[in-house]
Amino acid sequence: MKTVLITGCSSGFGHETAKFFLEKGWKVIATMRSPKEGILPKHENLRVIALDVTNEDSIRQAIAEAGPIDALVNNAGIGLLNALEGVSVAAIREVFETNTIGTIAMTQAVLPQFRAKKSGVVVNVTSTVTLVPLPLLAVYTASKSAVNAFTESVALELEPFGVRMRIVLPGLAPTTKFSENAFAKMAPVPDAYKPTFDNVLAGFQNPGPVTHARDVAEAIFVAVTEPTSPMKIPAGADAVMWAEKVGMK
Ligand SMILES: NC(=O)c1ccc[n+]([C@@H]2O[C@H](COP(=O)([O-])OP(=O)(O)OC[C@H]3O[C@@H](n4cnc5c(N)ncnc54)[C@H](OP(=O)(O)O)[C@@H]3O)[C@@H](O)[C@H]2O)c1
């Protein structure tokens, strides 16, 4: 039986992906910052471990506690919606610490065991905003585009050791806690950018096709289990549409 470790399982895509892998007969190590009874239904193949991807000690402890794994899913992430002039440098650092450095540090932490056994898969969850950029999401988009570039580059150095890297790109998923959390933490939008903000908000409120957590779980499963899957996999009806529009390979 194979084992997957997933970050950010307290809600949204990570939560759904943990349940999906259990359904498919995998052992799941679901990690979250503050584990609590009942966040995920009990299951004989489920272990829940505390992990904050911005904290090196937490990463070291979680990887040691997890033991051998076959796949890592770097899903934990936070959003940041505002004009660049409206965000603090501390908020910019927090987004990069979580989305970018967290993903890179987690990947680094599993490499010794993957390289030693000459197998392993790392799936990094980024976003379709890296394909079709939107205003007021510059910092978030930069944090995820950096993950795309990191993944494609490190994939080449890991290929000789049988380690695979993949990127899953979800579209807009209004039902996870992602947007709610980003709005809750949002600093006031500077007056000059209010018309742009109203436009972006109108787009979010009438999005057309969207992404569901199950779409992302399925795409992550394909990325992990199918060796011939493409490097970048769109997840969700809107994501597939954008990927086709930009001719994503
Ligand atoms: N929803 C969308 O529209 C959308 C679209 C494209 C891509 N994405 C990406 O998809 C991923 C999952 O997002 P989601 O929509 O499922 O949002 P979500 O419901 O807010 O889930 C995000 C998860 O990340 C965790 N997290 C945040 N900071 C963390 C840290 N420092 N260490 C460990 N875990 C941390 C959260 O845990 P806590 O409960 O501890 O905060 C939560 O479990 C993110 O990488 C996001 O950027 C989302």
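Values as computed for the structure displayed
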read-out	value
Enumeration of residues in region 11-37 that are closer than 20 Å to T175 by Cβ and without any contact (Cβ under 8 Å) to a residue 12 or more places away in the chain	E23
Of all residues making up region 151-171, the number that are open to solvent by less than 40 Å² (accessible area, probe 1.4 Å) and either more than 16 Å from L72 (Cα to Cα) or hydrophobic (A, V, I, L, M, F, W, C) (or both)	10
Among the candidates A146, A202, A182, residue that is modelled with pLDDT under 95, crowded, with 16+ Cβ neighbours inside 10 Å and part of a helix (DSSP H, G or I)	A182
Selection count, region 66-82, where residues are more than 8 Å from the ligand (Cβ to nearest atom) and more than 24 Å from K118 (Cβ to Cβ)	3
Subset tally (residues that are part of a helix (DSSP H, G or I) and surrounded by fewer than 16 Cβ atoms within 10 Å (Cβ to Cβ)) for region 226-240	1
T175, sole failed condition from (1) under 24 Å from T7 (Cα atoms); (2) of a type outside the set (A, V, I, L, M, F, W, C); (3) in a loop (DSSP other than H, G, I, E, B); (4) modelled with pLDDT of 95 or more	(4)
Qualifying residue in region 49-60 (condition: touching a Lys or Arg at 6+ places or on another chain (Cβ under 7 Å), more than 10 Å from the ligand (Cβ to nearest atom) and either among the basic types (K, R) or modelled with pLDDT of 95 or more (or both))	no
Out of A182, A219, sole residue that is in contact (Cβ under 8 Å) with a residue 40 or more places away in the chain and within 23 Å of L80 (Cα to Cα)	A182
Residue in region 121-137 that is in contact with a strand residue (DSSP E or B) (Cβ under 8 Å, 6 or more places away or on another chain) and farther than 20 Å from D215 by Cα present	no
So L111, is it touching a strand residue (DSSP E or B) at 6+ places or on another chain (Cβ under 9 Å), part of a helix (DSSP H, G or I), away from the ligand (no atom under 14 Å from the Cβ) and open to solvent by less than 20 Å² (accessible area, probe 1.4 Å)	no
Output for region 205-221, where each listed residue is polar (S, T, N, Q) and surrounded by 13 or more Cβ atoms within 10 Å (Cβ to Cβ)	T211
Boolean, I104 is open to solvent by 10 Å² or more (accessible area, probe 1.4 Å), closer than 22 Å to T17 by Cβ and assigned to a helix (DSSP H, G or I)	yes
Residue selected from region 133-143 under the condition closer than 22 Å to A202 by Cβ and open to solvent by 40 Å² or more (accessible area, probe 1.4 Å), by the criterion farthest from the ligand (Cβ to nearest atom)	P135
Filtered residues of region 114-143 (kept if part of a helix (DSSP H, G or I), out of contact with any Leu (no Cβ under 6 Å at 6 or more places or on another chain) and among the β-branched types (V, I, T))	T130, T141
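The values are calculated or read from the model by the stated rules, or taken from the named source; none is laboratory data. Just so it is clear, the structure is predicted and the values come from calculations on it, not from any experiment. When we count neighbours, we look across all protein chains shown, and the Cβ atoms used for this are built from the backbone with ideal geometry, even at glycine. Note: accessible area is taken over every heavy atom of the protein model, side chains too, but ligands, DNA and RNA are not part of it. Shrake-Rupley method; radii C 1.70, N 1.55, O 1.52, S 1.80 Å.
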